[in-house]
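First the structure, in the form of structure tokens, and then the observations on it.
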Amino acid sequence: MRPGREHKKDSGGKFLRFDPEQRRKMVRRARIAAIALVLIVLIVVIFGGQSGLISIYRYSRYEKILERELAKEKNTTDSLQQVLIKLRSDPEFRERAAREKLRMIDEGEIIFRFDDSEK
């Protein structure tokens, strides 16, 4: 053996042995620490910035809203495409659309105006 590293034989085997009361306190403290750690992890998971559950829920709601808006815009685009095809191919549709938009009349047509105000 090296000098200064002698084993003490008279320690009686009490190295790291605790009485039952100390052991209960240590176990209780360890449980409390474990519960606190689990709570901290749960709080981080729930409220943890962009990757937290609350943020993920908000993003999924926002995604659904955007999908609905996209569907509406696609429907609008499709209907406008149909109008454009008719305007390019059907002269009667083009004439009717121009007259409605520009409030024009054809020869022989009469416009009737009604006053909505009651006297």
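Some points to look at:
- Residue in the stretch 30-42 that is modelled with pLDDT of 95 or more, out of contact with any Gly (no Cβ under 6 Å at 6 or more places or on another chain) and of a type in the set (D, E, K, R) present: yes
- Residue list for the stretch 59-113, filter: more than 30 Å from residue 47 (Cβ to Cβ) and of a type in the set (Asp, Glu): 73, 78, 90, 92, 95, 100, 106, 107, 109
- For residue 53, the criteria (1) under 30 Å from residue 17 (Cβ atoms); (2) modelled with pLDDT under 85 hold in every case but one, which is (1).
- A count restricted to the stretch 41-93 and to residues that are under 30 Å from residue 106 (Cα atoms) and within 11 Å of the chain's Cα centre (by Cα) stands at 0.
- Residues in the stretch 12-63 that are among the small types (Gly, Ala, Ser) and assigned to a helix (DSSP H, G or I): 30, 33, 34, 36, 49, 51, 55, 60.
- Across the stretch 72-115, the number of residues qualifying as hydrophobic (A, V, I, L, M, F, W, C), surrounded by 10 or more Cβ atoms within 10 Å (Cβ to Cβ) and in a helix (DSSP H, G or I) comes to 8.
The values are calculated or read from the model by the stated rules, or taken from the named source; none is laboratory data. All figures in this text were calculated on a predicted structure; none of them were measured in a lab. FYI the Cβ positions are ideal-geometry reconstructions off the backbone, even for glycines, and counts take in every protein chain you see.
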